[in-house]
Structure formats: structure tokens, C-alpha cells
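Colleague: Structure incoming, see below.
The values are calculated or read from the model by the stated rules, or taken from the named source; none is laboratory data. Owing to the predicted nature of the structure, the values given are computational and were not obtained by experimental measurement. Please note: Cβ atoms are built from the backbone with ideal geometry, for glycine as well, and neighbour counts cover all protein chains shown. Just the protein is used for accessible areas: all its heavy atoms, side chains included, with ligands, DNA and RNA removed. Shrake-Rupley method; radii C 1.70, N 1.55, O 1.52, S 1.80 Å.
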Amino acid sequence: MVAVATLIFAVDAEAQRLPRPVRNVELQTLDGAKARLPWWGEKNLMIFYVDPDVPKQNHDFITKLEETNRLAGANIEGFGIINLKDTAFPSNVVRQIADARTAKNGATIICDPDHWLSSAWRLGDCNDSFVIMLVDKQGQLVYIHKGEMSKEEQQRFIEAGDKLR
């Protein structure tokens, strides 16, 4: 049993090493149509992978990024992915709320109905987490953080993002 636990830990630790290659994944638009990750291979990506049960994790930090255009640039695009599998809310309700938000702010939001992204990218458990990631144009995951970010972690994210602008 200890050997199995050690093997699982070793595999998980290997999966979390950065940078590491990830691939474009087929997800869904807010209306349920098939969709790939936007700007894949064209721009560096700032991805917010959000469990709707905890939409306010990192709210102040994300709002500050948006208001100041801190990581805005010609080479980077940001968008949200809703983790529908881990929420207690009905998917149709979450999709309607997201659709209303995109109508107001023009944000790009797509949906992951069944852990397709977290499985393909070996992200581990993302339940109850606001996951922030950076992926470069070459398809390398160069930054990931799950959950509430400390001031130090926010600074690490900004430094990683500055390299991609």
C-alpha cells in the first residue's frame, strides 16, 4: 500500500513540474457547441479555470489585473473556463450567468463539462478552486496556481505573465 501511495505521489509531482507541454482540448461554448481553446498557438494564454462554487477566490486580484490592464499586450489573451463538473449548481444556470457576464464585459468564457481540461493537462483536483494558468504559444504550461493567492504568489504570477507579454 505504501508503494502505491509513493507511486501516486511521484506521478503527481512529475505532472506538476513546470514548464511542461499541454495540448489544445475540445471543450464547449456557453451554448454547448464544441470549441477548442481560443488563440491556441497564436498567442500566450492567461486562463482562469473556475469552479462556480468559489467564483470570488482571487476576485480583488483579478479585478485589479482587468482594471489596470497589467498583463495586457499584443502577445497575450485571457479567458475563462468554467469547471462545470465540480459545481453543485445546474449547468444551464451557470451557463446563463456566464452568458450575461460576457454580454456586459465581452469576456471569452468556455465550459469544461466533465474534467476534460483538468484530465488532459493532469491538473489534479480542481474542486473548490479558482485555478490560474499561463500557457505560452508553444503549448507549454509555464504557471499554475490553485485557490486563493497570497501577495507573494500574485507577484510570481505577474512576473511569469510579464515574460509572455
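Colleague: If you go through the stretch 121-137, how many residues are exposed (fewer than 15 other Cβ atoms within 10 Å of the Cβ) and either free of Cβ contacts under 8 Å to residues at least 40 places away in the same chain or not in a loop (DSSP other than H, G, I, E, B) (or both)?
Modeller: So the answer is 1.
Colleague: Same structure, new question: Going residue by residue through the stretch 5-16, is there one that turns out to be modelled with pLDDT of 95 or more and either crowded, with 17+ Cβ neighbours inside 10 Å or part of a helix (DSSP H, G or I) (or both)? Before you say what the answer is, go through the steps one by one.
Modeller: Just the residues of the stretch 5-16 that are modelled with pLDDT of 95 or more, to begin with: none.
No, there is no match, as no residue in the stretch 5-16 is modelled with pLDDT of 95 or more and either crowded, with 17+ Cβ neighbours inside 10 Å or part of a helix (DSSP H, G or I) (or both).
Colleague: Quick one: in the stretch 138-163, of everything that is of a type in the set (A, V, I, L, M) and part of a helix (DSSP H, G or I), which residue is farthest from residue 71 (Cα to Cα)?
Modeller: Looking at residues that are of a type in the set (A, V, I, L, M) and part of a helix (DSSP H, G or I), I get 160.
Colleague: Output the number of residues of the stretch 141-157 satisfying the condition of being more than 14 Å from residue 50 (Cα to Cα) and either at pLDDT below 95 or exposed (fewer than 15 other Cβ atoms within 10 Å of the Cβ) (or both).
Modeller: 5
Colleague: Would you check which residues across the stretch 46-61 are under 12 Å from residue 149 (Cα atoms) and open to solvent by 20 Å² or more (accessible area, probe 1.4 Å) and list them?
Modeller: 56, 57, 59, 60, listed by residue number.
Colleague: Do we find that residue 162 is acidic (Asp, Glu) and modelled with pLDDT of 95 or more in this structure?
Modeller: The answer is no for residue 162.
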